[in-house]
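Worksheet: one structure, shown below.
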Amino acid sequence: MSISLYQLHIKTNQPNDVKSFLLDWLEEKTGEKPSIYENQSSAFAFFKNETPSIFALSILHENWVTILHDSYEQLLDLANRLSFAVRSTVLNVMAQSTVDTYYLSVHQEGKLVRKIYFGEDVLEIEQEGKPFPFEKLPTGTNIKTGKEPFYSFDYDDMHEFCLHFHVDILKDPTDMDGHWTVIKQNNSSSSVTKKDSLFRSIIDGFLKKKNK
């Protein structure tokens, strides 16, 4: 089973505040006034742009607004600013199981407080911030038997982590199809698409190997 995650989860019961923020943010980044569409599906191409050209918002969990996007960047600045704007917590989740690349960060009131990354390009789990009290240490899952353990961090670990915030990152977005608000850049061709992103470069490498 292939898992692809490209989500932001904002702890708030004010989705209109999130919509207003994203409209302003996208206009600031692209120089164009975006369009907004109600009652949409969750289907669009993901991992396509450095700067997001599309956001989809819905409520998948009580007191949380979920955002899907099409960026392959970690969006640290966006998550920080969003958490500051709503004075709350933001969970920033990205994963692509086909290339074993997993990223999770937690932002609170404008600051990054926890970050965990694991992928094919690193020798061990990379971390920032103080672990939460609910975290099992060492971080991740030991996947090696014997005297020398080796800890990985994948979507199962991310799922367990986010459940402590009452967010199920594996919940199918299509369950809310017809109830998504889409904020979209009108001229998608103007979106910057660099190839030096960590996620983008790993995915491109996997696709090249697959097509040989």
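The values are calculated or read from the model by the stated rules, or taken from the named source; none is laboratory data. Quick caveat: nothing in here was measured; it's all calculated off a predicted structure. Cβ: placed from backbone, ideal geometry, glycine included. Neighbour counts: every protein chain shown. Surface areas here come from the heavy atoms of the whole protein model, side chains and all, with no ligands, DNA or RNA. Shrake-Rupley method; radii C 1.70, N 1.55, O 1.52, S 1.80 Å.
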| Quick check: anything in region 101-114 at pLDDT below 95 and at negative phi? | yes
| Can you name the number of the only condition in (1) hydrophobic (A, V, I, L, M, F, W, C); (2) surrounded by 19 or more Cβ atoms within 10 Å (Cβ to Cβ); (3) in contact with a Pro (Cβ under 9 Å, 6 or more places away or on another chain) that I169 fails? | (3)
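Yes or no, residue by residue, for (1) in contact with a His (Cβ under 8 Å, 6 or more places away or on another chain); (2) touching a residue at least 60 places away in the same chain (Cβ under 8 Å); (3) closer than 30 Å to I36 by Cβ; (4) outside any loop (DSSP other than H, G, I, E, B):
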site	(1), (2), (3), (4)
V93	yes, yes, yes, yes
I116	no, no, no, yes
G146	no, no, no, no
P149	no, no, no, no
| Residue in region 66-82 that is open to solvent by 10 Å² or more (accessible area, probe 1.4 Å), over 18 Å from Q185 (Cα atoms) and modelled with pLDDT under 95 present | yes
| note | Considering region 24-42, residues that are under 20 Å from the mean Cα position of the chain (by Cα) and farther than 17 Å from N186 by Cα, and then whichever is least open to solvent (accessible area, probe 1.4 Å), we arrive at S42
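Does F21 satisfy being of a type in the set (A, V, I, L, M, F, W, C), open to solvent by less than 40 Å² (accessible area, probe 1.4 Å), in a loop (DSSP other than H, G, I, E, B) and more than 15 Å from K184 (Cβ to Cβ)?
Details: of a type in the set (A, V, I, L, M, F, W, C): yes; open to solvent by less than 40 Å² (accessible area, probe 1.4 Å): yes; in a loop (DSSP other than H, G, I, E, B): no; more than 15 Å from K184 (Cβ to Cβ): yes.
No.
Could you tell me which residue of region 1-46 is nearest to N92 (Cα to Cα), considering only residues that are among the charged types (D, E, K, R) and in contact (Cβ under 8 Å) with a residue 60 or more places away in the chain?
Going through region 1-46, the residues among the charged types (D, E, K, R) turn out to be 11, 17, 19, 24, 27-29, 32-33, 38.
This time we only want the ones that are in contact (Cβ under 8 Å) with a residue 60 or more places away in the chain, so: 11, 17, 19, 32-33, 38.
Numbers: K11: 12, D17: 18, K19: 17, E32: 25, K33: 25, E38: 23 Å.
Looking at the filtered set, the residue picked out is K11.
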| note | Given the conditions (1) open to solvent by less than 50 Å² (accessible area, probe 1.4 Å); (2) of a type outside the set (S, T, Y); (3) at pLDDT below 95; (4) farther than 29 Å from D121 by Cα, every one holds for I203 apart from (4)
| query | Quick one: how many residues across region 68-100 are on the phi > 0 side of the Ramachandran plot and of a type outside the set (D, E)? | reply | 2
| remark: Given the conditions (1) more than 21 Å from S2 (Cβ to Cβ); (2) crowded, with 16+ Cβ neighbours inside 10 Å; (3) of a type in the set (A, V, I, L, M, F, W, C), every one holds for L60 apart from (1)
| query | Here is a list of conditions, (1) more than 19 Å from V90 (Cα to Cα); (2) surrounded by fewer than 16 Cβ atoms within 10 Å (Cβ to Cβ); (3) modelled with pLDDT of 85 or more, and D196 meets all of them except one; can you say which number that is? | reply | (3)
